1. Name the residue that is nearest to residue 111 (Cα to Cα), counting only residues in segment 175-230 that are without any contact (Cβ under 8 Å) to a residue 24 or more places away in the chain and within 16 Å of the chain's Cα centre (by Cα).
2. Kindly indicate whether any position in segment 23-40 is free of Cβ contacts under 8 Å to residues at least 24 places away in the same chain, farther than 20 Å from residue 238 by Cα and outside any helix (DSSP H, G or I).
3. So, of the residues in segment 231-255 that are over 17 Å from the mean Cα position of the chain (by Cα) and closer than 30 Å to residue 147 by Cβ, which turns out to be surrounded by the most Cβ atoms within 10 Å (Cβ to Cβ)?
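Readers should treat all values here as calculations from the given coordinates under stated rules, not as data from a laboratory. Worth saying up front: this structure is predicted, and the values here are computed from it rather than measured. Positions of Cβ are backbone-derived with ideal geometry, glycine not excepted, and every protein chain shown enters the neighbour counts.
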């Protein structure tokens, strides 16, 4: 496994700048989400914030090998059973929906990447519980990050917390390193597996994107259209929370906090 780069002081400052752009875009979106708003309107907010900051979208035009065409929007906007890669459209958000917005931005050749699930109006109690477990799963990951800890301990803490609350993590998608490239080593699963190098020891200067995806169903996902979006196989709801995190001497610095 290729090891993650240790970022220099200059690179860290550039990543802080990119992270602030993403955090600000998500903050503006949090103020926009409401019943009656379309997912395309949320994308427009993200596009405006990124453009005004002098940054560019890391997602628009992104062309993964499994897709017949590049992603057409700035933000991935996924509703309810859509886990990731939802395409913004004229879809109108309804009271009680969950909407996840995932944003990546590149500024001066460095990236920030983060996602938040937002409540549309008032959530039903069972949906609100799913929302809180997903939000806390990211906090659990960030709370474990410190120099000398193994990746296995962070991934295991996420899995243990989520499953202990009666939910499942999505295993098909993982977090990742980040820097000059949007996706860098290592892959960061939200569960313990022998298929990846989980013995990686975290060191100061590593920049990592942790992103638990949590479902109220089986955790299995499918691509019904062969490309975008990815949805839960059983069509049950999901949430997705992500931050770009810097490993510091003291622990974790969140670079994509909402601001």
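1. 183
2. Filtering segment 23-40 for residues free of Cβ contacts under 8 Å to residues at least 24 places away in the same chain gives 28, 31-32.
Then keep just the ones that are farther than 20 Å from residue 238 by Cα; that gives 28, 31-32.
Filter once more, so that each one left must be outside any helix (DSSP H, G or I): 31-32.
Checked against the condition, which is being free of Cβ contacts under 8 Å to residues at least 24 places away in the same chain, farther than 20 Å from residue 238 by Cα and outside any helix (DSSP H, G or I), segment 23-40 yields at least one hit.
3. Keep residues of segment 231-255 that are over 17 Å from the mean Cα position of the chain (by Cα), which gives 233-236, 247-251.
Filter once more, keeping what is closer than 30 Å to residue 147 by Cβ: 247-251.
Numbers: 247: 23, 248: 15, 249: 9, 250: 9, 251: 17.
Checked segment 231-255; the qualifying residue surrounded by the most Cβ atoms within 10 Å (Cβ to Cβ) is 247.
Here's the yes/no breakdown for (1) free of Cβ contacts under 8 Å to residues at least 12 places away in the same chain; (2) over 22 Å from residue 216 (Cα atoms):
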site: 100; (1), (2): no, no
site: 111; (1), (2): no, yes
site: 115; (1), (2): no, no
site: 130; (1), (2): no, no
site: 139; (1), (2): yes, no
site: 146; (1), (2): no, yes
